[in-house]
């Protein structure tokens, strides 16, 4: 269902059970157009479940879900088809929406150029580095021009330098296209560096929302960044 406000996604009173386990407890969450919301919490707190509800991959819940258009999803594992070229993998993001042939391939080429992977368009996924594979997965998610991008630990398996590069690329793409983003991450610094808000999840419920009022690009060595980091670590039980 398409939202009639500036929100690209809204959850209200979401409850979900896995068997007898109450994994989401009355979750309220909104994401505005052009906003990045980081979602942090301990393992098992329900972060990925919220993402799956927003993506429409989990439907056996109660409460209200409103999402603009068809959200795109990227996971920690690139999940590329090894029997398709990089270009064909990206085009698949349009094939599922009924766009095929030269139109899909042309759009794939444009998006691969945006993520800096044009020279690898005819390569096979297994020949890519970790960072290149994640760029391809990001291109596949973005080729359909979604209003909402859902990211589940997308850079968690990358080395530190590649991770920083991918964070910068994500901010560049976000700045150009203005889609809303939900970023699920275990990395508090990443949550602060990228997010406009950081939502802390605890035991399946929203425990706190922290607004990140710092200019971009964000210097992780500043007192303001350190203050938010200390606050969030405390909220997560790390002292």
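Summary of values
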{"item": "Members of region 169-188 that are within 24 Å of residue 77 (Cα to Cα) and without any contact (Cβ under 8 Å) to a residue 24 or more places away in the chain", "result": "172"}
{"item": "Among the candidates 191, 205, residue that is surrounded by fewer than 18 Cβ atoms within 10 Å (Cβ to Cβ) and either touching a residue at least 40 places away in the same chain (Cβ under 8 Å) or within 13 Å of the chain's Cα centre (by Cα) (or both)", "result": "205"}
{"item": "Index of the failed condition, residue 61 passing every other in (1) on the phi < 0 side of the Ramachandran plot; (2) outside the structural domain of residue 159 (by TED's automatic domain parsing)", "result": "(2)"}
{"item": "Flag if residue 44 is surrounded by fewer than 16 Cβ atoms within 10 Å (Cβ to Cβ) and either modelled with pLDDT of 95 or more or not in a loop (DSSP other than H, G, I, E, B) (or both)", "result": "no"}
{"item": "Qualifying residue in region 180-187 (condition: modelled with pLDDT under 95 and more than 13 Å from the chain's Cα centre (by Cα))", "result": "no"}
{"item": "Residue check, residue 141 surrounded by 20 or more Cβ atoms within 10 Å (Cβ to Cβ), in a helix (DSSP H, G or I) and outside the structural domain of residue 8 (by TED's automatic domain parsing)", "result": "yes"}
{"item": "Failed condition for residue 196, given (1) touching a residue at least 40 places away in the same chain (Cβ under 8 Å); (2) in contact with a helix residue (DSSP H, G or I) (Cβ under 7 Å, 6 or more places away or on another chain)", "result": "(2)"}
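The values are calculated or read from the model by the stated rules, or taken from the named source; none is laboratory data. This structure is a prediction, so every number in the text was calculated from the model and none was measured. Note that we place each Cβ from the backbone using ideal geometry, even for glycine, and neighbour counts take in every protein chain shown.
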